[in-house]
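Q: Handing you a structure now.
Any read-out appearing in this document is the output of simple, stated calculations on the displayed coordinates, not a laboratory observation. Since we're looking at a predicted model, the values are computed, not measured. Note that we place each Cβ from the backbone using ideal geometry, even for glycine, and neighbour counts take in every protein chain shown.
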Amino acid sequence: MTDDLGLPTAARGVTPIRVMTIAGSDSGGGAGIQADLRTFALLGLHGTVAVTAVTVQNSLGVSGFQPIDPAIVAAQMTSVVSDIGIGAAKTGMLTNAEIIESVADTCVELGIGGDGPIPLVVDPVCASMHGDALLAAEALDTLRDRLIPLATVVTPNLDEVRLITGIDVVDADTQQAAARALHELGATWALVKGGHLRSSDHSPDLLFDGNSFHEFDHQRIDTTHDHGAGDTLAAATACALAHGYTVPDAVGFAKRWVTRGLEHAYPLGAGHGPVNPLWRVSRG
């Protein structure tokens, strides 16, 4: 049985596929592990967590955060995978070079990403949608050298692309150049999202594997309530990969999922409301 977007749903009474988010906690509930776990649950997967940071944030922005000890982050990952097992993992906010190093080392040990059997989606969170820094500047090299090469697919937004590659994406040509640059850093697939390409009335996402480009396009949803869109897209991609989808099919599914969430986004607080995967269970 499948849902209306094409992802198989869990059978009643059967242990569902498990997936892990390695990311920070959003106290406002719009992004981070909260957004990931909503998507996992609503897509019928059992979500597990390795918390990397606790943030102080609401709809207006991030006012502070506390990184978790890198050894504790690694221990969370090992504890879950050794007992429960996972079909895919995704990363989000990693905050500093030490945590990135620990996550990368543990991924290699556990067979997550790279040549391992467990797909890894790397969402290279560098700043919040409000521009608040979520990754130490000196950690960018570690992100490039240690984590991106393990990515089954890396999913930066355009601000993150500029920080990682130095390329300012303004049109289709620079979007292709950015995808090539990300792939050259070692990611198996590079997805350059076009949601921040405000010069277009469409939201074109471009996927590249070193040989072929795949474009995923949709009419831009007219909303300011898009908090957690990147997290939700990466989480949905991880869910589809855990089901055995190819990367292009997984990204296509995730694009449809986040588009529906944007269509049903709601206001929250005095700032930006979240992408809303709760459309699946909402009534009226």
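Q: As a check on your grasp of the helix formula, calculate [θ] at 222 nm for the chain: sum -39500 (n - 2.57) over DSSP H runs of n ≥ 4, divide by the residue count, round to the nearest 500.
A: On the way: 7 runs with 91 residues, N = 284.
Mean residue ellipticity, 222 nm, calculated: -10000 deg cm²/dmol.
Q: If exposed means no more than 14 neighbouring beta carbons inside 10 Å and the site is in a DSSP loop, what's the longest run of the chain without any exposed trypsin sites (Lys or Arg not before Pro)?
A: Between the exposed loop sites, the longest stretch runs 13-197.
Q: Tell me, what HN-Hα J-couplings in whole Hz come from the Karplus equation 6.51 cos²θ - 1.76 cosθ + 1.60 at θ = phi - 60° for each residue of segment 102-108, using x for Gly and Pro?
A: 5, 5, 4, 4, 6, 4, 4
Q: To continue, here is another question. Taking the alpha carbon gyration tensor of the chain, what are the square roots of 5 times its eigenvalues, largest first, to the nearest whole Å?
A: Values: eigenvalues 108, 102, 83 Å².
With the √(5λ) rule applied to the chain, the semi-axes are 23, 23, 20 Å.
Q: I've got another one for you. With only Lys, Arg, Asp and Glu charged, each at its Cβ (+1 for the first two, -1 for the last two), find how big the charge dipole of the chain is about the Cα centre; round to the nearest 20 debye.
A: 880 debye
Q: Now for a different question. Which of the listed residues, Val51, Met93, Pro67, is farthest toward the dipole's positive end in the chain, when Lys, Arg count +1 and Asp, Glu count -1 at the beta-carbon?
A: Of Val51, Met93, Pro67, it is Val51.
Q: Can you tell which of Ile84, Ile167, Ile33 shows the greatest fluctuation in a Gaussian network model of the chain with Cα springs below 10 Å?
A: Ile84
Q: Given H placed on each backbone N at 1.01 Å, which residues far from Gly186 in sequence or on other chains put an amide H within less than 5 Å of it?
A: The list, which skips near neighbours in sequence, is empty: none.
Q: Quick one: which residues, 5+ away or cross-chain, put their amide H under 5 Å from the amide H of Ile167? H built at 1.01 Å from N.
A: none
Q: How large is ³J(HN,Hα), in whole Hz, for each residue of segment 173-180 in order, when computed from phi with the Karplus curve 6.51 cos²θ - 1.76 cosθ + 1.60 and θ = phi - 60°, using x for Gly and Pro?
A: 5, 6, 5, 5, 4, 5, 4, 5
Q: Once Lys and Arg get +1 and Asp and Glu get -1 on their Cβ, which of Cys239, Thr188, Leu206 lies farthest toward the positive end of the dipole of the chain?
A: Cys239
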